[in-house]
1. What is the Cα convex hull volume of segment 191-349 when expressed per residue in Å³?
2. Round to the nearest 0.05 the FRET efficiency obtained for Phe294 and Lys7 when R0 = 56 Å and r is the Cβ-Cβ distance.
3. Run the quick spin-label model on Ile80 and Met200: label points 7 Å from Cα toward the beta carbon, then report their separation in nm to one decimal.
4. Could you tell me the center-to-center distance, by alpha carbons, between segment 198-258 and segment 27-58 in angstrom?
5. Given N residues in segment 1-79, what is its alpha carbon radius of gyration divided by 2.2 N^0.38 Å?
6. Per the Debye formula with a single identical scatterer at each Cα and no solvent contribution, what log10 I(q)/I(0) holds for segment 202-264 at q = 0.14, 0.21, 0.29 Å⁻¹?
7. Given R₀ = 30 Å, FRET efficiency for Ala24-Ile336 by Cβ-Cβ distance, to 0.05?
8. Which value in nm describes the separation of the simple spin-label points at Ala324 and Ala279, placed 7 Å from the Cα toward the beta carbon?
Amino acid sequence: MAVGSRKRKIYVRWAALLAAVALALYACWLMLLPFVNVLAWAGVLVILFYPIHQRLVALTGRPGWSALLSTVIVIAVILIPLTLLTLVVAKEIGDLAKNIQGFLGSLLGPHSPVIGRIMGWLGRYVDIGHLDAQGYLLGRLNELSGTIVGRTLGLVGGVVGAIFQSVFIVFTMYYFFRDGDRIYDAMLDMIPLEAAQTRMIIDRAHEVIHASVYGVIVIAGVQGTLGGLAFAILGLPSPLVWGVVMFFLSMVPLLGSPVVWIPTAIYLAVTGHWGKALALAGWGTLVIGTIDNFLRPKLVGARAGLHELLIFFSVLGGLRIWGALGVALGPVVVSITLALLEILRRVDSESQLAAPANR
């Protein structure tokens with residue numbers, strides 16, 4: 001009886017300990033939940049710039065100063081340009097609807113070289129007086145322009161919040177840079193897997209982050225920059241805004257920048273600007289369209305270790321759940337899941353091989 005009573009006490013203590021640990025972890029999760037994006041952004045940026053930090057540590061021999069320098073580099077290369085770009089886009093996007101109104105007015109107006117002639121020809125045979133397509137579209141755009149202006153004001157408020165969030169990201173990055181090795185060792189000890197298995201998961205996540213950022217964000221940035229540059233050279237309005245639009249579309253498989261520059265080239269053609277239309281179509285086809293095939297093998301290669309279909313759906317799903325951060329987190333989650341399934345498969349195989357030996 002004494003032995004059974006002692007075992008029951010041990011079980012009760014373990015159950016109480018597990019319950020206390022679960023409650024503590026849940027409380028920590030609730031406290032960290034508002035800062036998950038901050039931690040994730042800081043982690044992704046530190047992983048991308050950690051090789052530079054290691055070189056700085058080797059040069060200076062002082063991890064603290066190297067972490068500060070690495071953080072300043074990230075601020076100068078990523079955060080400041082991104083913040084300025086967001087502010088400029090927020091300022092210009094309110095005028096975009098008015099520019100679109102002008103485009104449609106010249107495209108659908110009676111003096112349009114193509115549409116005007118078509119409508120004039122139809123007017124000879126069909127009563128089209130009641131078909132005021134231009135008025136209808138412009139009326140809808142007037143409503144849309146008011147909505148866009150209101151959303152722009154909300155976007156500016158969001159930018160202010162993003163600036164405060166950036167301060168927390170910078171603060172977190174410094175400690176991630178400074179204590180990265182110790183955090184890595186602590187993860188190896190805390191995760192309830194063998195050290196080799198944990199290293200495999202972390203290394204795979206590291207490679208997927210690099211592949212996702214270089215293979216998606218950098219290439220999309222190059223395509224958006226080239227597209228915006230073409231719009232600026234051709235004198236088209238809001239080239240920065242359209243460059244940002246092409247950047248985001250380039251991150252979505254099967255869409256890309258052609259969603260923007262092909263309709264624009266068609267508009268230029270039907271309004272009589274054939275030279276600009278041919279220039280934009282040639283630039284989009286020969287330069288923007290081929291940059292992915294040129295850069296992806298050099299920047300990514302086979303680092304991701306994921307099938308293209310998995311990358312396609314993980315990027316789309318990540319964008320839907322986490323926004324821009326999902327470009328990196330989506331493939332990472334899929335990669336970690338596959339790594340855990342691989343570990344389970346190996347453990348199951350080893351247990352089946354060990355079973356006959358035990359018999």
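1. Values: hull volume 17.5 nm³, N = 159.
Measuring per residue, one finds 110 Å³ for the Cα hull of segment 191-349.
2. 0.25
3. 4.4
4. 22
5. Numbers: Rg = 22.6 Å, N = 79, 2.2 N^0.38 = 11.6 Å.
With N residues counted in segment 1-79, Rg over 2.2 N^0.38 Å equals 1.96.
6. With one equal scatterer per Cα and no solvent, log10 I(q)/I(0) is -0.42, -0.74, -1.13.
7. That gives a FRET efficiency of 0.80.
8. Reported label-point gap for Ala324 and Ala279 is 3.0 nm.
No lab work stands behind these numbers, since they all come straight from the coordinates. Worth saying up front: this structure is predicted, and the values here are computed from it rather than measured. Cβ: placed from backbone, ideal geometry, glycine included. Neighbour counts: every protein chain shown.
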